[in-house]
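Structure first, commentary second.
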Amino acid sequence: MITRITITKMEISQYQIILVNPDSAGSESKNTAQCVVISPDEINRNLKTVTIAPLTADTEGYPTRVKVKLNNKFGRVVLDQIMTIEKQRINKVLGELSGAEIKKIKSVLKETFID
């Protein structure tokens, strides 16, 4: 049985690293996942959902995957697997990205989805 917690007062901000509980529908992994919040703060404040990109421990440098550091470990933000989830799936905030990491993510998102 999966235990879920409801987060009603936690403020979620763009570029935070969060821990997400699995989707009960069974289409995703059964383990919690580290993800980066991609949706802007105005959306995060006003909707019951957030848009996220998963983090992977994979070190291969695909063009849509941005290298980041959390707790002295490197991983990659998987920008080719962006998804929207309900906030109630968020377990906790683990940290936030650096300015350089945010700049790189913005560049890759722009190149991938706009240019």
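Could you list, in sequence order, the residues of the range 91-115 that are over 16 Å from residue 16 (Cα atoms) and surrounded by 13 or more Cβ atoms within 10 Å (Cβ to Cβ)?
108, 109, 112
Does the range 63-76 hold any residues that are surrounded by 12 or more Cβ atoms within 10 Å (Cβ to Cβ) and assigned to a loop (DSSP other than H, G, I, E, B), and which are they?
The answer is 64, and nothing else.
In the range 45-62, what count of residues is obtained for those that are in contact with an Asp or Glu (Cβ under 7 Å, 6 or more places away or on another chain) and of a type in the set (Val, Ile, Thr)?
Total meeting the criteria: 1.
Could you check, for the range 77-90, whether at least one of its residues is exposed (fewer than 13 other Cβ atoms within 10 Å of the Cβ) and more than 24 Å from residue 113 (Cα to Cα)?
Within the range 77-90 (the criterion being exposed (fewer than 13 other Cβ atoms within 10 Å of the Cβ) and more than 24 Å from residue 113 (Cα to Cα)), the answer is no, since none of the residues qualifies.
If we scan the range 77-93, do we find a residue that is touching a residue at least 12 places away in the same chain (Cβ under 8 Å) and either in contact with a helix residue (DSSP H, G or I) (Cβ under 7 Å, 6 or more places away or on another chain) or more than 26 Å from residue 48 (Cα to Cα) (or both)?
yes
Under the condition of being exposed (fewer than 10 other Cβ atoms within 10 Å of the Cβ) and either outside any loop (DSSP other than H, G, I, E, B) or charged (D, E, K, R) (or both), which residue from the range 31-62 is modelled with the lowest pLDDT?
Going through the qualifying residues, I end up with 60.
Return the residue satisfying two criteria in turn: it lies in the range 36-63 and is closer than 14 Å to residue 16 by Cα and small (Gly, Ala, Ser), and of such residues it is nearest to the chain's Cα centre (by Cα).
53
Do we have any residue at all in the range 84-94 that's of a type in the set (Ser, Thr, Tyr) and part of a strand (DSSP E or B)?
Checked against the condition, which is being of a type in the set (Ser, Thr, Tyr) and part of a strand (DSSP E or B), the range 84-94 yields at least one hit.
Being among the aliphatic types (A, V, I, L, M) and outside any helix (DSSP H, G or I) is the filter here, so list the residues in the range 95-115 that pass it.
Of everything in the range 95-115, those that are among the aliphatic types (A, V, I, L, M) and outside any helix (DSSP H, G or I) turn out to be 97, 114.
I'd like the full set of residues that are over 14 Å from residue 34 (Cβ atoms) and touching a strand residue (DSSP E or B) at 6+ places or on another chain (Cβ under 7 Å), limited to the range 84-100.
84, 86, 87
The values are calculated or read from the model by the stated rules, or taken from the named source; none is laboratory data. From a predicted model like this one, the values you see are computed outputs, not experimental measurements. Neighbour counts are summed over all protein chains in view; Cβ atoms, including those assigned to glycine, are modelled from backbone coordinates with ideal geometry.
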